[in-house]
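Read through the structure below, which is laid out as structure tokens, and then see the notes.
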Amino acid sequence: MYGLVNKAIQDLVCNNFGEDKWIEIKKLSGFEDEGFIGLESYPDALTYAMVKNASIVLGKDASIIMEAFGEYWILYTAKEGYGDMLDLAGDSLTQFLNNLDMLHNRVNNIMPELVAPQFTTRNETSNSIELEYRSKRVGMESMVIGLLRGLGKRFDKECTISHIQVKDEINDCHVFKIDW
Ligand code: HEM
């Protein structure tokens, strides 16, 4: 994954648990460079290792870390130069969710090796929407829950997020329902 993701994990750990914890996580993950370069692509295995080791060092379930990371991503990308892209994606939660693929397509222009997830909305009502999530990766569902929580906050909506369909042999995608 692009270094931007790893940098955000570093930032989240340092801000909430201190630099010492980050140094421990970095060492356990076998990452020896000074820091990450945002626009450079790193192996997915490194990001997965960082989450696993953060879980060990911080004594928290990996799913809790992924969820916190997803929520943080909305704030982190806004402050790291991607605020305009977020603004362009929509003025309301539903509009934004309908534009997630367009948002990643824009990101793809500056990150050519991006392996972006795909999102489709369905069953929209005045106070709920469902989101289909497809990815070439596994185990990122908790991140999606955190992302949706972060987006709810961005649009000042009290959201309840439910994972209503799990990807398996029968269903080709995860589905999340967002109620407000
Ligand atoms: C301007 C804001 C955003 C930027 C710059 C951005 C960029 C990225 C990058 C660099 C990755 C790593 C993938 C790779 O390197 O191959 C990623 C992954 C991901 N993004 Fe975004 N993204 C943004 C907003 C969002 C939002 C709002 C969502 C909300 C649903 C989202 C959902 C995801 C998910 C779930 C992944 C995990 C990868 C996967 O499932 O395969 N992103 N994004």
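The values are calculated or read from the model by the stated rules, or taken from the named source; none is laboratory data. Since we're looking at a predicted model, the values are computed, not measured. Note that each Cβ is placed from the backbone with ideal geometry, even for glycine, and that neighbours are counted across all protein chains shown. Accessible surface is based on the protein model in full, side chains and every heavy atom, while ligands, DNA and RNA are left aside. Shrake-Rupley method; radii C 1.70, N 1.55, O 1.52, S 1.80 Å.
Annotations for the structure displayed:
- Boolean, ILE65 is more than 8 Å from the ligand (Cβ to nearest atom), touching a residue at least 12 places away in the same chain (Cβ under 8 Å) and not aromatic (Phe, Trp, Tyr): yes
- Restricting ASP33, ASP87 to residues that are farther than 22 Å from GLY139 by Cα, open to solvent by 30 Å² or more (accessible area, probe 1.4 Å) and more than 11 Å from the ligand (Cβ to nearest atom) narrows the list to ASP33.
- Residue that is at positive phi, surrounded by fewer than 17 Cβ atoms within 10 Å (Cβ to Cβ), within 11 Å of the ligand (Cβ to nearest atom) and not in a loop (DSSP other than H, G, I, E, B), where the choices are GLY139, GLY81: GLY81
- Filter pass, GLU24 being more than 10 Å from the ligand (Cβ to nearest atom) and more than 21 Å from LEU58 (Cβ to Cβ): no
- Unique match (being in contact (Cβ under 8 Å) with a residue 24 or more places away in the chain and under 28 Å from GLY3 (Cβ atoms)) among GLY81, GLY90, GLY150: GLY150
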